[in-house]
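**Student:** Can you keep this structure in mind? I'll have questions shortly.
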Amino acid sequence: MSADQDAGRRPSDLGGLLEAAPDAMVVIDSRGIIQLVNAQTERVFGYSRGELLGQPVEVLVPASLHELHRKHRSEYLHEPHVRSMGSGLDLRARRRDGSEFPVEISLAPLETDQGLLISAAVRDVTAKRREERLFRGLLEAAPDAMVIVDNTGTIVLVNAQVEEKFGYNRGELVGQSVEILVPERFAGMHVAFRSGYVAGPRTRPMGLAGDLFARRKDGSEFPVEISLAPLETEEGLLVSAAVRDISERRRMQEETDRVKDEFFATVSHELRTPLTSMLGYSELLADLEPLSPQGRRFLSVIARSAERELRLVDDLLTLVAIEESGLAIRPELLDLEPVVRDAVDAARPRAEEVDIELSMEVPGFPVPVDADRDRLGQAIDNLMSNALKFTPAGGHVHVSLRLADTFAEIEVADSGIGIGEQDPNRIFERLYRSGTAIAQQVPGAGLGLTITLAILEAHRGMISVVKSDEAGTTFRMSLPLVG
Ligand code: ADP
């Protein structure tokens, strides 16, 4: 309501309006004498209307503030306009029983036929202040450095952890742009990111590309993790950023990685060295005459066992590497045909030994792929060694290479016992071995197919069981063709 509209109005006319107001309304004249109050005033302050009318307004003000209040009152009379009283100040009011409570007060001048009156809308903000205290308490209790900014990126509030972590005191931060806490090289990106966030705010980790860093007052940086949450307030949207220093976690991770790398390097070396020497010496021994046929047989058992153990060690180490950081491959442009041929040739002695017929079918032209020769060879070896393991004597294993659309397909088909499982895909799980494999005591650790799958995935290829029954099993690997 403006002063013009009320010009000439009689104070008693205002009664109805005052009663409709949600706040305690107190109307005083230019001497500070209470002229009108509404029912809310009686309720909030504990006075009856009769006790207030004609009294100086200071009865509603704590004694310690009387003098200040009178001064402000006379200043207001010189320049009366609608405004809130002492914005930013902690205003307090006094009840009849002498108790005090926090208030917010809006003032408005009223021109009446009895001269200038001033209406004060008094709102009890006890609950609001309690909530604010609670909020601040929570903010200070948070384990992270909490920075609260408004929608223009200006810092509104910080907690003690911010002071400690960033080396600023609160006074230096509040009112500053939040980019003061961001390394300069990220500042531009941060501004863009911030505007984007304000447009669609929700609780989530801050996801700028790459690792996040924060900047201390002295310019030094530290790695952080940041979670953002929007806070709807009367003053508009605020954004709270919980900033966690992850230097220590990083350091521990690096230390763990280093110890792990060292451990695997040592284990791998310690396990492999004796096996390699066993293999070497059994070869030398086999060349020495005289050696009985039985001795020769024993020697070949030793050599085979050492080879198997060496493969197992390699598989275990490969698996650890895969789980750590995925399988690293060194792809090059190559023709698949010789890779398949080499794998089949390498399996021949073993096939003869276990009396299995080995056949191969390849196209008469190059099959170009972008692949890691050794790893791909290892994948084919794995399938062939399984085929030979799970096929009884007298059976056959057939390896074929062909083109299918934009893929090269390698199939390994055997006439063996079949997988015999409800879910054939389980055989690609780490350490998984089928019931039949265990029952028939076929040697193996359940690692081969896991590694084979990882090799194919690293090449953006696929592996699947295309057939498996009592008549045998067929595995198919597909690799994208080049060109
Ligand atoms: P391993 O052969 O060391 O047991 P793999 O990961 O290579 O481990 O294979 C997992 C399981 O898949 C085998 O134990 C076996 O049960 C089944 N499997 C793999 N290849 C064949 C096959 N050609 N015929 C029948 N079962 C197979």
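The values are calculated or read from the model by the stated rules, or taken from the named source; none is laboratory data. Small disclaimer: the values here were computed from a predicted structure and weren't measured. As a convention, Cβ positions derive from the backbone with ideal geometry for all residues, glycine included, and neighbour counts pool all protein chains shown. We work out accessible area using only protein heavy atoms, side chains counted, and drop any ligands, DNA or RNA first. Shrake-Rupley method; radii C 1.70, N 1.55, O 1.52, S 1.80 Å.
**Student:** For region 164-187, give me each residue that is acidic (Asp, Glu) and either touching a Pro at 6+ places or on another chain (Cβ under 8 Å) or open to solvent by 50 Å² or more (accessible area, probe 1.4 Å) (or both). Steps first, please.
**Tutor:** Taking region 164-187 first, the residues acidic (Asp, Glu) are 164, 172, 179, 184.
164, 172, 184, listed by residue number.
**Student:** Do any helices (runs of 4 or more DSSP H) entirely within region 1-92 hold 1 or more residues that are over 15 Å from residue 117 (Cα atoms), open to solvent by 20 Å² or more (accessible area, probe 1.4 Å) and at pLDDT below 80, and if so, which? Walk me through it before giving the result.
**Tutor:** Working: elements: 3-6, 15-20, 39-45, 49-52, 66-78.
Per the criteria, 15-20.
**Student:** If you don't mind, there's one more thing I want to ask. In region 262-297, how many are polar (S, T, N, Q) and surrounded by 11 or more Cβ atoms within 10 Å (Cβ to Cβ)?
**Tutor:** Let us first name the residues in region 262-297 that are polar (S, T, N, Q), namely 266, 268, 273, 276-277, 282, 292, 294.
After this cut, where a residue has to be surrounded by 11 or more Cβ atoms within 10 Å (Cβ to Cβ) as well, the list is 268, 276-277, 282.
Looking only at that region, the number is 4.
**Student:** For region 409-427, which residues satisfy the criterion of being out of contact with any Pro (no Cβ under 8 Å at 6 or more places or on another chain) and under 20 Å from residue 381 (Cβ atoms)? Give the derivation first.
**Tutor:** Initially, region 409-427 is screened for residues out of contact with any Pro (no Cβ under 8 Å at 6 or more places or on another chain), giving 409-415, 418-427.
If the condition is that a residue be out of contact with any Pro (no Cβ under 8 Å at 6 or more places or on another chain) and under 20 Å from residue 381 (Cβ atoms), then 409, 410, 411, 412, 413, 414, 415, 419, 427 are the ones that fit.
**Student:** A further question follows. Among the listed residues 456, 449, identify the single one that is closer than 20 Å to residue 362 by Cβ and either part of a helix (DSSP H, G or I) or not assigned by TED's automatic domain parsing to the domain that holds residue 379 (or both).
**Tutor:** 456
**Student:** Of the residues that sit in region 420-443 and are near the ligand (Cβ under 8 Å from one of its atoms) and in contact with a helix residue (DSSP H, G or I) (Cβ under 6 Å, 6 or more places away or on another chain), which one is nearest to residue 336 (Cα to Cα)?
**Tutor:** 428
**Student:** Among (1) near the ligand (Cβ under 7 Å from one of its atoms); (2) open to solvent by 30 Å² or more (accessible area, probe 1.4 Å), where does residue 415 come up short?
**Tutor:** For residue 415, the failing item is (1).
**Student:** Got a sec? Which of 458, 379, 445, 393 is within 39 Å of the chain's Cα centre (by Cα), touching a residue at least 12 places away in the same chain (Cβ under 8 Å), open to solvent by 30 Å² or more (accessible area, probe 1.4 Å) and closer than 19 Å to residue 350 by Cβ? Reasoning before the result, please.
**Tutor:** On the way: 458 fails: closer than 19 Å to residue 350 by Cβ; 379 fails: open to solvent by 30 Å² or more (accessible area, probe 1.4 Å); 393 fails: within 39 Å of the chain's Cα centre (by Cα).
Selected residue: 445, the only one of 458, 379, 445, 393 that is within 39 Å of the chain's Cα centre (by Cα), touching a residue at least 12 places away in the same chain (Cβ under 8 Å), open to solvent by 30 Å² or more (accessible area, probe 1.4 Å) and closer than 19 Å to residue 350 by Cβ.
**Student:** Sort through 347, 387, 328, 404 and tell me the only one that's open to solvent by less than 20 Å² (accessible area, probe 1.4 Å) and at pLDDT below 95. Before the answer, list the steps.
**Tutor:** On the way: 387 fails: at pLDDT below 95; 328 fails: open to solvent by less than 20 Å² (accessible area, probe 1.4 Å); 404 fails: open to solvent by less than 20 Å² (accessible area, probe 1.4 Å).
Unique residue meeting the criteria: 347.
**Student:** Given the criterion over 28 Å from residue 335 (Cα atoms) and near the ligand (Cβ under 7 Å from one of its atoms), identify the matching residue among 395, 446, 472.
**Tutor:** Among 395, 446, 472, only 446 is over 28 Å from residue 335 (Cα atoms) and near the ligand (Cβ under 7 Å from one of its atoms).
**Student:** Also: May I ask you to say which residue of 166, 101 is of a type in the set (Phe, Trp, Tyr) and in the same structural domain as residue 43 (by TED's automatic domain parsing)?
**Tutor:** Values: 166 fails: in the same structural domain as residue 43 (by TED's automatic domain parsing).
Exactly one of 166, 101 is of a type in the set (Phe, Trp, Tyr) and in the same structural domain as residue 43 (by TED's automatic domain parsing), namely 101.
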